[in-house]
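Report on the structure given below.
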Amino acid sequence: MKKFLLSLLLIIAVLVGLLYFNPQIKPSHNEPYVALGEESQASAPSADDVIQRVLLYGDAGHSSIDPWQPSMAKVADRASQFPDRTTIIALGDNIYYQGFPRKEAGQQEWTDDQLESISYLDAQLKVAKVSGASLYLVPGNHDWYATEVNSQALHIEQYGRENSAKVFFEPRESDGITLPQSVNFPGVSIVFVDSQWWLTGDKQHSSEAAMADAFASIRQQYPLNLIIVAQHHPLVTEGPHGGYLSDFRYWLIMNILYQFFPEAASQDTHDANYQLMIQAQNRVMSQYDRVIHAAGHEHSLQLMQPLDNDSSASYLLVSGAGNSNKVSGIWHNDRSRFAHSAEGFVELDITAAGVYFRAFSIDKKNPTAEFWLDL
């Protein structure tokens, strides 16, 4: 028995040591990876050329408000350049770990822990308050771990009223249903999708039909607009949710989750329901040109262009690196145009000449990558 206890203590000590040092077990793009195909590195557009700027970040649900999270401050700085032509999209997991808190029966005041959770959201809403640009937030799986997401939406509305900030939660739940909804701007239309709701149960057909209706309506009314699908879950990723585990900590956590909580696999691209969502969205998007699918969930920055025989969007983008303590390792595949494992965000400038892509990290003043997309 004594030998067993000593062996167990040794194993625990080794695991704790490995968790602390977190050795890399596979390579990761801790430095920017760029592999262009038909994209162009011609001169960037001038501010006057930009019809609409779209800033995309995600998984910022641990953002500090004092001091302000570096990625949020940098998003606000970019949005402040011309706020009337800028739209910011938060791609879900707006509050870690359990979404917007709920007061228990008889509870009058928020607890300190609940106020801290709310501050993670307020640190993001502050971006709209400071910059004057519009901010749209979509729900992620962690936002849904709360009893319901409507309380988060109501808080966002209240914040907007009290701070004269243009902040919105999309798509909104109605009678237990959260179907894709769209909003149109000069040069770009955005289709907001609640991918966590889509993934849970028998919502596949109604969600696909609503997405198809939104696309058809946009193309009829705004035939030249770029279409951006904004949701939490990516369709393609070279990170942990796609099975690529680059460091020991993620490897251990994911294996424990799969062992004791098999439902955790529902958040990964290989899950059967997840695959159905991927196939459904690809069926809709592949019928149209000039479509970018944008998601978070994976804590990194990625841009992929489907291969010639793939039926999907024109580009698949991941921007889920809103916090350094949530950044995870990634690799690349044949579709990859850009990959970076670092806190940051993505920017798209829509112009008459095309769409200009920039990626930013918090430790560099200039973009880590920038080029014209092949659209």
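Which entries in the list Lys103/Lys365; Lys126/Lys364; Lys26/Lys126; Lys103/Lys126 go over 30 Å, if you measure between the two C-alpha atoms of each? The partial results should precede the final answer.
On the way: Lys103/Lys365 42 Å; Lys126/Lys364 22 Å; Lys26/Lys126 37 Å; Lys103/Lys126 24 Å.
Going by Cα-Cα distance, Lys103/Lys365; Lys26/Lys126 fall outside the 30 Å limit.
Using packing as a proxy for protection, rank 79-90, 255-266 so that the peptide with the highest average count of other Cβ atoms within 10 Å comes first. Please list the in-between numbers first.
On the way: 79-90: 20.6, 255-266: 11.7.
Per-residue mean Cβ counts within 10 Å order the peptides as 79-90, 255-266.
Taking θ = phi - 60°, what integer Hz values does the Karplus form 6.51 cos²θ - 1.76 cosθ + 1.60 yield along segment 249-263, in sequence order, with x for Gly and Pro?
Result, rounded to whole Hz: 4, 5, 4, 5, 4, 5, 5, 5, 4, 5, 6, 9, 10, x, 5.
For segment 12-118, build the charge dipole from Cβ charges (+1 Lys, Arg; -1 Asp, Glu) around the Cα centre, then report which of Ser43, Phe82, Trp68 sits farthest towards its positive end.
My answer, from the dipole projection, is Ser43.
Determine ³J(HN,Hα), in whole Hz, for all residues of segment 156-170 in sequence, where each value follows from phi through the Karplus function 6.51 cos²θ - 1.76 cosθ + 1.60 and θ = phi - 60°; x replaces Gly and Pro.
Per-residue couplings from phi come out as 5, 4, 5, 4, x, 5, 6, 10, 6, 10, 8, 10, 9, 10, 9 Hz.
Return the long-range amide H neighbours of Ala369 (sequence gap of 5 or more, or a different chain), with a cut-off of under 5 Å between placed amide H atoms.
Amide H neighbours of Ala369: Ala359.
To the nearest 20 Debye, how big is the dipole of segment 187-346 about its Cα centre, given +1 on the beta carbon of each Lys and Arg and -1 on that of each Asp and Glu? Before the final figure, lay out the partial values.
On the way: 8 positive and 15 negative charges, 58 e Å.
Once rounded to the nearest 20, the dipole reads 280 debye.
Dipole magnitude of segment 36-76 about its Cα centre, charges +1 at Lys/Arg Cβ and -1 at Asp/Glu Cβ only, in debye to the nearest 20? Don't skip to the answer; put the middle values down first.
Details: 2 positive and 6 negative charges, 34 e Å.
Dipole magnitude for segment 36-76 comes out near 160 debye.
Could you pull out the GluC sites (Glu not before Pro) across segment 25-107 that fall in loop regions by DSSP (anything but H, G, I, E, B) with no more than 16 other Cβ atoms inside 10 Å? Don't jump to the answer; show the numbers that get you there.
Numbers: sites: Glu38, Glu39, Glu104; in loops: Glu38, Glu39, Glu104.
The qualifying sites are Glu38, Glu104.
Once phi is turned into ³J(HN,Hα) by the Karplus curve 6.51 cos²θ - 1.76 cosθ + 1.60 with θ = phi - 60°, what whole-Hz value does each residue of segment 363-375 show in order, with x for glycine and proline?
9, 9, 5, 8, x, 7, 7, 7, 5, 7, 6, 8, 10
Would you please name the trypsin sites (Lys or Arg not before Pro) within segment 303-375 that are DSSP coil residues with at most 13 other C-beta atoms within 10 Å of their C-beta?
Those that pass, being in a loop and sparsely packed, are Lys364, Lys365.
Whose amide H sits under 5 Å from the amide H of Leu226, counting only residues 5 or more places off or on another chain, with H placed in the peptide plane?
Val188, Ser189
For n ≥ 4 DSSP H runs only, could you compute -39500 (n - 2.57) per run for the chain, divide by its residues and tell me the 222 nm figure to the nearest 500? It would help to have the intermediate numbers written out before the result.
Working: 9 runs with 118 residues, N = 375.
Per the formula, -10000 deg cm²/dmol.
Of the chymotrypsin sites (Phe, Trp or Tyr not before Pro) in segment 87-138, which ones lie in a loop per DSSP and count no more than 12 other C-beta atoms within 10 Å?
Here the chymotrypsin sites (Phe, Trp or Tyr not before Pro) that fit, given the DSSP loop and packing criteria, are Tyr97.
Which of these values of Cα extents along the principal axes in Å was calculated from the structure shown: (i) 75, 45, 40; (ii) 74, 54, 44; (iii) 57, 48, 44?
(ii)
Treat every Asp and Glu Cβ in the chain as -1 and every Lys and Arg Cβ as +1, leave all other atoms uncharged, and give the resulting dipole magnitude about the Cα centre to the nearest 20 debye. Before the final figure, lay out the partial values.
Values: 25 positive and 43 negative charges, 106 e Å.
Computed about the Cα centre, the dipole is about 500 debye.
Where a number appears in this text, it was derived from the coordinates with a stated rule and is not lab data. This is a predicted model, so every value here is computed, not measured. Heads up, the Cβs are rebuilt from the backbone with ideal geometry, glycines too, and the neighbour counts pull from every protein chain shown.
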